[in-house]
Amino acid sequence: MKTLKIPKLSPWTAWAGFLGIIIAAGLVAGLIVFWKGLVVTNLTDLVPWGLWITIDLSSIAVSAGAFSLCAVVYLLGLKRFQPVARTATYIGLLGYTMAILTLMLDIGRPDRFWHSMVFWNQHSLLWEVTMCVALYLGVLLLETLPIFANFRWLRSRMPRLAGKMSQAHHFAPYLAIAGLALSMLHQSSLGALYGVLKARPLWYRPDISVLFIISAVASGMALTVFASMLSARLTRRANVDDSLLDRVSQIIGWILVLYLYFRFWDALAMTYTYQPGRTEGLYLLTGGALSFNFWVGEILLGILVPMVILINKRMRSLPLWRMLALLLVVGGVTAYRWDTNISGLMIILSYLPGEPSIAYTTYQPSLIEFLAGAGVISYGLLAFSLGVRYLKVVDHHSVETHVQELLPQRTQKVPVPAGD
Amino acid sequence: MSQVKINRRDFLKITAVGATVLAGMQVISRVEANETAPSGGRQWAMVIDQSKCTGCGYCVMACRAHNNVPPDITWNPVLEAGQTGDKKIYLPRPCMQCAKAPCVDVCPVKASTHRPDGIVMMNYDRCIGCRYCEVACPYGARSFNWKQFTGPNPAVPEWGESEIARRPRGVVEKCTFCFQRIDRGLALGLIPGVDPDATPACVNVCPTGARVFGDLNDPESNVSLLLEARTSYRLREDLGTAPRVYYLAADAKDM
């Protein structure tokens with residue numbers, strides 16, 4: 001909105017330049033990782049998963065808006081949310097590519113990333129997650145084809161290709177089914193991945209999978225609405241229908257109620273009787289090193305405050321309040337992912353005979369880990385900004401006409417077989 | 001879309017039924033897998049007598065030499081595990097070679113597998129270095145190669161010659177009961193656990209004979225006889241991992 005008149009010194013240039021610098025720094029950090037190996041991280045055999053896994057889990061979580069909103073639009077038939085689902089799908093594509101980039105940094109042999117596609121271990125939840133992520137990335141690519149067809153350069157140079165790409169829209173309901181199935185699997189499996197490990201009593205419970213998918217849907221929708229609102233405030237290239245975003249925000253508020261409900265019973269059940277490893281892990285969250293993260297980051301600011309703001313009609317209608325609440329949801333879910341991973345790893349349960357004893361370890365990410373992580377996040381931000389600028393990713397008006405173009409075809413053709 | 005005969009509702013139903021059947025099959029296969037006990041052929045196991053272990057650490061060094069393990073990784077540490085009277089009790093901890101190994105279950109690429117003889121084997125050419133097995137192992141028996149092992153192996157030649165190749169940077173490695181010695185020994189007609197050339201290096205080097213190795217399925221093997229005669233325990237038996245390393249608890253009278 002402010003100054004798009006002087007292109008060379010515009011806020012856009014500054015923003016893109018700023019992100020470009022971080023991406024460059026991340027790229028250098030990434031090259032160092034590939035060159036020197038994971039010895040440049042602060043990961044150890046005791047804490048083999050750290051910051052990058054958190055970025056991984058979080059970027060997949062905030063991508064959950066894609067499958068959930070596509071399901072709302074194409075399976076529940078609430079067509080008016082289609083433009084919001086469009087933004088979510090684009091964010092989903094970026095989130096999954098961010099996750100894959102981070103995973104490539106994190107695995108010891110990135111040159112063998114394809115092994116899980118070829119050498120199947122169906123018993124491994126990580127195998128299942130990898131397969132689902134790969135397949136869902138394909139679904140997302142198909143779902144975003146019509147978005148990329150909006151690229152003016154492509155439309156002027158290759159109009160037929162652009163036309164074909166936008167026709168992928170016809171398969172949207174089927175892609176939505178595939179997306180729903182794949183996401184239901186791997187979004188929860190990312191939690192179950194921790195939940196099946198009997199060696200880690202804090203994780204070993206069925207609830208993590210449920211909590212992961214519910215929190216993912218909340219944060220995915222939240223990021224979609226937040227990004228849409230922010231874009232609309234910053235540039236004329238994005239325009240939103242606030243009644244839609246208001247409605248989605250209200251839904252997020254109620255999803256947070258569900259999330260809080262499950263978290264409450266999950267946490268309460270773990271407080272009964274002493275179990276070595278689990279009790280200490282829970283204490284780490286509620287009273288120990290991670291207690292600020294837990295009480296303030298996850299519960300107060302991550303669930304309670306945004307829940308109240310988003311459910312209350314008056315507070316929700318204030319744009320800045322709503323945006324703050326949505327950002328808090330994303331932050332809270334990210335904190336939840338970090339805490340889940342690190343709390344289980346910080347507790348070392350002795351395997352020696354006799355009374356089980358507990359040892360603690362710590363982990364602080366190294367500069368290289370921070371830089372590479374920031375690079376990946378900046379890539380996501382830049383790709384989204386480019387999408388807003390050149391692909392009309394946040395455009396609630398033009399997309400509606402797009403849908404209307406399709407609707408008459410359907411309503412004309414459906415009566416012909418005289419089925420229903 | 002209108003050309004498709006089945007409508008959306010049917011499609012959803014079919015998808016849901018299909019997914020349920022697949023999930024059910026997966027659960028059934030898991031339950032069945034848990035019922036089959038390892039049997040048939042040889043089943044290698046180790047018995048460690050804590051009364052005899054003096055904590056000298058020779059086994060740690062012999063392991064490093066024979067398996068070409070870098071100095072910052074230990075496949076087979078000797079831990080302090082309490083005291084009886086005025087004597088310290090030690091607990092050597094090789095890989096437990098669990099019959100129900102969590103690492104084998106979680107590996108996304110089947111780089112960790114069971115050999116027919118029960119050894120939990122690593123395929124270093126297949127491992128992608130995700131480290132899920134490290135997180136899953138209750139015994140801390142797995143180590144990641146954070147960097148490439150370069151330069152001479154300090155344990156060679158004093159503690160033996162290297163028998164297997166160094167692992168590349170970026171994969172997880174662990175004790176394999178010196179599978180290379182077992183396989184070579186069997187090919188030469190030797191008996192693992194009896195002939196030193198077919199027996200794990202840590203067993204051979206132990207000055208007090210605290211480690212015994214052999215075939216669980218052979219009732220006359222050293223390990224079978226020892227487990228028959230003495231009371232043994234395994235680490236974290238409550239987890240149901242069914243380790244193939246048995247311990248004879250330290251007894252003050254024998255020390």
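Read the figures in this text as sums done on the coordinates, not as results from a lab. Remember, it's a predicted structure, so these values are computed and weren't measured experimentally. When we count neighbours, we look across all protein chains shown, and the Cβ atoms used for this are built from the backbone with ideal geometry, even at glycine.
Net charge dipole, the protein assembly as shown: roughly 3180 debye, given to the nearest 20, about the Cα centre with Cβ charges of +1 for Lys and Arg and -1 for Asp and Glu.
Out of the GluC sites (Glu not before Pro) in the stretch B:212-255, which ones are loop residues according to DSSP with at most 12 other C-beta atoms within 10 Å? Counting only loop positions with at most 12 other Cβ atoms within 10 Å, the GluC sites (Glu not before Pro) in the stretch B:212-255 are B:GLU220. Taking A:MET307, A:MET98, A:MET158 in turn, the Gaussian network model of chain A (Cα-Cα springs below 10 Å) assigns the largest fluctuation to A:MET158. Think of each Lys and Arg Cβ as +1 and each Asp and Glu Cβ as -1; about the Cα centre, that makes the dipole of the stretch A:219-301 roughly 240 debye.
A dipole drawn for the protein assembly as shown from +1 and -1 charges on Cβ atoms has a positive end, and of A:LEU94, A:LEU352, A:ALA14 the residue lying farthest that way is A:ALA14. The chymotrypsin sites (Phe, Trp or Tyr not before Pro) of the stretch A:114-183 that DSSP puts in a loop, and whose beta carbon has at most 13 other beta carbons within 10 Å, are A:TRP114. The alpha-carbon of A:LYS198 sits under 16 angstrom from the alpha-carbons of these aspartates and glutamates, leaving out residues fewer than 8 places away in its chain: A:ASP207, A:GLU280, B:ASP105, B:GLU134, B:GLU237, B:ASP238. Over 29 Å between Cα atoms: which of A:LYS36/B:LYS100; A:LYS164/B:LYS110; B:LYS13/B:LYS100; A:LYS36/B:LYS110; B:LYS52/B:LYS174 fall into that group? From the list (A:LYS36/B:LYS100; A:LYS164/B:LYS110; B:LYS13/B:LYS100; A:LYS36/B:LYS110; B:LYS52/B:LYS174), the Cα-Cα distance tops 29 Å for A:LYS36/B:LYS100; A:LYS164/B:LYS110; B:LYS13/B:LYS100.
Taking a sphere under 12 Å around the Cβ of B:TRP44 and counting the other residues whose Cβ falls inside, with K and R at +1 and D and E at -1, yields a net charge of 0. Positive contributions from Lys and Arg (+1) and negative ones from Asp and Glu (-1), summed over other residues with Cβ under 14 Å from the Cβ of A:LEU268, come out at +1. The mean number of Cβ atoms from other chains found within 10 Å of a Cβ in peptide A:193-203 is 4, as a whole number. Taking B:ASP125, B:ASP117, B:ASP197 in turn, the Gaussian network model of chain B (Cα-Cα springs below 10 Å) assigns the largest fluctuation to B:ASP125.
Placing R0 at 35 angstrom, the Cβ-Cβ distance between A:SER243 and A:TRP114 gives a FRET efficiency of 0.15 after rounding to 0.05.
Remark: the stretch B:82-97, residue by residue, has Karplus-estimated 3J(HN,Hα) of x, 8, 10, x, 9, 9, 6, 9, 10, 9, x, 10, x, 5, 6, 6 Hz, where x stands for each Gly or Pro and the curve is 6.51 cos²θ - 1.76 cosθ + 1.60 at θ = phi - 60°. Annotation for A:HIS170 and B:LYS13: the two label points, set 7 Å from Cα along the Cα-Cβ direction, are 2.6 nm apart.
Taking every alpha-carbon pair under 8 Å whose residues sit at least 6 apart, the stretch B:106-205 reaches a relative contact order of 22 percent. Pairs of Cα atoms nearer than 8 Å and 6+ residues apart set the relative contact order; for chain A it is 26 percent.
Mean per-residue shielding of peptide A:113-125 is 6, counting Cβ atoms of other chains within 10 Å of each Cβ.
Per-residue mean of foreign Cβ neighbours for B:142-148 is 5 (Cβ atoms of other chains, 10 Å radius). Extending 7 Å from Cα along the Cβ direction at B:ASP218 and again at A:LYS36 yields two label points whose distance is 5.0 nm. Kindly list the residues of the stretch A:197-219 that lie in the label zone of A:THR271, defined by a backbone N under 17 Å from the point 7 Å along the Cα-to-C-beta vector. Under 17 Å, as judged by backbone N against the label point of A:THR271, lies no residue of the stretch A:197-219. Relative contact order of chain B, taken over Cα pairs closer than 8 Å and 6 or more residues apart, is 28 percent.
Take each peptide in A:49-58, B:140-149, count the other Cβ atoms within 10 Å of every residue, and average; sorted highest first, the result is A:49-58, B:140-149.
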